[in-house]
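First comes the structure, then the notes that go with it.
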Amino acid sequence: MQTRKLGNTDIDVSQICLGTMTWGEQNTEQDAFEQLDYATSEGVNFIDAAEMYPVPPRAETQGHTEACLGNWLARRGRRDDLVIASKVAGPGNGLTYLRNGPRLIREHIREACDASLKRLQTDYIDLYQVHWPDRNTNFFGKLGYSHKADEAFTPIEETLGALNELVKEGKIRHVGLSNETPWGTMEYLRLAKENEWPRVVSIQNPYSLLNRTFEVGLAEFAHREQTGLLAYSPLAFGMLSGKYLGGKWPEKGRLTLYERFSRYSGERGMDATRAYVELARKHDLSPVQMALAYVNSRSFVTSNIIGATTMDQLRENLGSANLELSAEVLEAIETIHQEFTYPCP
């Protein structure tokens with residue numbers, strides 16, 4: 001398993017990161033332990049969680065994912081071998097049960113971090129990320145931006161100031177962003193420089209063959225400012241495996257179980273998926289591994305966050321680390337991208 005530097009830090013993270021958002025919902029704690037044991041045996045040292053997980057979020061299960069990871073860490077005693085990432089939730093998304101509606105204010109950030117540390121059973125979090133912005137902007141599948149002049153939102157200065165306190169106290173080592181835009185990234189970097197606060201080291205945004213919007217404005221940031229991408233949904237919730245094509249809806253598939261996840265299942269998404277799956281099969285490749293290997297190959301990607309509900313899926317996902325796509329396949333991918341450009345932003 002190859003490793004890459006996390007931003008401008010001295011931390012090496014595996015090119016594939018184990019995502020955890022199914023633990024406590026689709027997966028039991030026993031499943032989580034099995035996934036962790038296998039992934040770490042294959043060289044994965046980077047684990048990504050969040051206070052709101054599992055997904056879909058519910059009051060009854062909130063925090064269960066971090067608790068699964070914390071129990072494994074306590075049982076295995078391998079904390080220093082791993083890079084643990086988690087996230088503090090922003091406003092909205094029906095999370096009224098979380099701090100009476102989470103905001104990215106100082107008090108909420110400190111409360112969220114302390115609760116995550118307790119569930120994770122650790123003294124520090126290596127990478128603490130802002131899960132999504134506190135302001136109105138284009139994320140979670142929204143391409144266009146609609147300005148609201150009278151909008152009330154938590155200033156980024158307050159959010160980063162609170163994170164700075166946590167770094168100074170040793171509760172977190174580094175700061176990352178998620179579902180962020182070029183303007184938001186720029187503002188975090190500007191405030192960090194002006195105040196000598198911690199610098200953002202990563203951006204966790206969606207990136208896959210069905211959604212390459214990161215390339216437009218943030219890929220340059222990733223290179224020039226050392227804020228590499230932590231790519232989430234690299235298989236578009238399993239869509240790029242091809243298992244939903246032809247009117248099929250696997251009984252335990254995420255898109256079958258949860259109707260709220262419609263981001264990748266529209267007509268354009270299905271058509272684009274069909275083209276990519278046919279390309280993979282033409283070259284005797286697993287559609288899953290081709291899709292993941294493409295993400296792995298991008299120079300602005302620090303780590304590719306994969307998730308699995310079965311061990312067979314996990315083994316196939318991790319196998320993509322050993323696949324290098326040919327120039328012919330890469331050229332064909334770009335041809336398909338020209339026809340289906342951002343079908344599922």
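Please compute the Kirkwood hydrodynamic radius of region 84-200 from all pairs of different C-alpha atoms, in Å with one decimal. Walk me through the numbers on the way to the answer.
Values: mean 1/r = 0.0683 Å⁻¹.
One decimal place: 14.6 Å for the Kirkwood radius.
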> Is it possible to state the helix-based mean residue ellipticity at 222 nm for the chain, with each DSSP H run of 4+ residues giving -39500 (n - 2.57), the sum divided by total residues, to the nearest 500 deg cm²/dmol? What is it?
Replying inline: -11500 deg cm²/dmol
> What is the dipole size for region 20-152, taken about its Cα centre, with +1 at each Lys and Arg Cβ and -1 at each Asp and Glu Cβ, in debye to the nearest 20?
Replying inline: 420
> If Lys and Arg each add +1 and Asp and Glu each add -1, what is the summed charge of the other residues whose beta carbon sits under 15 Å from the beta carbon of R135?
Replying inline: -4
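Rounded if a/c is under 1.5, else prolate if a/b beats b/c, else oblate: with a ≥ b ≥ c from the C-alpha gyration tensor eigenvalues square-rooted, which is region 133-177? The partial results should precede the final answer.
Values: a/c = 5.43, a/b = 2.03, b/c = 2.68.
Verdict is oblate for region 133-177.
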>> What do you get for the angle between helix 327-339 and the principal long axis of the chain? Use alpha-carbon atoms, 0 to 90 degrees, nearest ten.
In response: 80
>> Just to verify a number: FRET efficiency for E328 and L245, C-beta to C-beta distance, R0 = 22 Å, to 0.05?
In response: 0.40
>> To test your reading of the geometry: what angle, between 0 and 90 degrees and rounded to tens, separates the Cα axis of helix 182-195 from the longest principal axis of the chain?
In response: 30
>> If you take every residue apart from D12 with its C-beta less than 15 Å away from the C-beta of D12, what net charge results, scoring Lys and Arg +1 and Asp and Glu -1?
In response: -1
>> Under the rule a/c < 1.5 gives rounded, and otherwise a/b versus b/c splits prolate from oblate, where does region 165-255 land using the Cα gyration tensor?
In response: prolate
> Once you sort the root eigenvalues of the Cα gyration tensor of region 1-109 as a ≥ b ≥ c, which label holds: rounded (a/c under 1.5), prolate (a/b larger than b/c) or oblate (the other case)?
Replying inline: oblate
>> With the crude spin-label approximation of a point 7 Å out along Cα→Cβ, what separation in nm comes out for S41 versus R190?
In response: 5.1
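Packing-wise, with mean Cβ within 10 Å as the measure, how do 25-32, 51-58 rank, highest first?
51-58, 25-32
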>> Over 10 Å intervals from 0, what percent of Cα-Cα pairs in region 123-276 sits in each interval?
In response: 10, 33, 30, 20, 7, 0
> Tell me, what HN-Hα J-couplings in whole Hz come from the Karplus equation 6.51 cos²θ - 1.76 cosθ + 1.60 at θ = phi - 60° for each residue of region 315-325, using x for Gly and Pro?
Replying inline: 4, 5, 4, 5, x, 5, 5, 9, 9, 10, 6
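Only Cα pairs under 8 Å and at least 6 apart count here; give the relative contact order of region 88-245 as a rounded whole percent. Before the final figure, lay out the partial values.
Working: 227 pairs, mean separation 29.1, N = 158.
In percent, rounded to a whole number, it is 18.
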>> I need D12, D312, D48 ordered by Cβ neighbour count within 10 Å, fewest first.
In response: D312, D12, D48
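How much of the DSSP beta bridge set in the chain is antiparallel, as a percent to the nearest 5?
Values: 4 of 33 bridges.
In the chain, approximately 10 percent of DSSP beta bridges are antiparallel ones.
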> With the contact rule set at Cα under 8 Å and sequence spacing of 6 or more, what percent relative contact order holds for the chain?
Replying inline: 18
> For the residues S86, S265, S178, what sequence is obtained by ranking on other C-beta atoms within 10 Å, fewest first?
Replying inline: S265, S178, S86
> In terms of modelled amide H atoms, which long-range or inter-chain residues lie less than 5 Å from the amide H of I16?
Replying inline: N304
> Of the GluC sites (Glu not before Pro) in region 98-159, which ones lie in a loop per DSSP and count no more than 16 other C-beta atoms within 10 Å?
Replying inline: E151
>> Through the Karplus equation 6.51 cos²θ - 1.76 cosθ + 1.60, θ set to phi - 60°, convert the phi angles of region 81-97 into ³J(HN,Hα) values in whole Hz; use x for Gly and Pro.
In response: 7, 10, 10, 9, 10, 9, 9, 9, 6, x, x, x, 6, x, 8, 5, 7
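Rg(Cα) of region 187-345 divided by 2.2 N^0.38 Å? Walk me through the numbers before you get to the answer.
Values: Rg = 16.6 Å, N = 159, 2.2 N^0.38 = 15.1 Å.
Here the Cα radius of gyration is 1.10 times the empirical estimate.
Stick to Cα atoms and the Kirkwood definition of Rh, then tell me Rg/Rh for the chain.
On the way: Rg = 19.1 Å, Rh = 20.4 Å.
Reported Rg/Rh, Kirkwood definition of Rh: 0.94.
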> For K87, what is the net charge nearby, where nearby means another residue's Cβ is under 11 Å from its Cβ and Lys, Arg count +1, Asp, Glu -1?
Replying inline: -3
>> For a quick check of your reading of the filter: which GluC sites (Glu not before Pro) in region 182-250 sit in a DSSP loop and have no more than 15 other Cβ atoms within 10 Å?
In response: E196
> So what is the relative contact order of region 288-345, in percent, for Cα pairs below 8 Å that sit 6 or more residues apart?
Replying inline: 41
>> Output the 0 to 90 degree angle, nearest 10, between the alpha-carbon long axis of helix 64-76 and the longest principal axis computed from the alpha carbons of the chain.
In response: 90
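Rule-based calculations on the coordinates, nothing more; no lab input. Values in this document were obtained by computation on a predicted structure and should not be read as measured data. Here the Cβ is made from the backbone with ideal geometry for all residues, glycine too, and neighbour counts use every protein chain on show.
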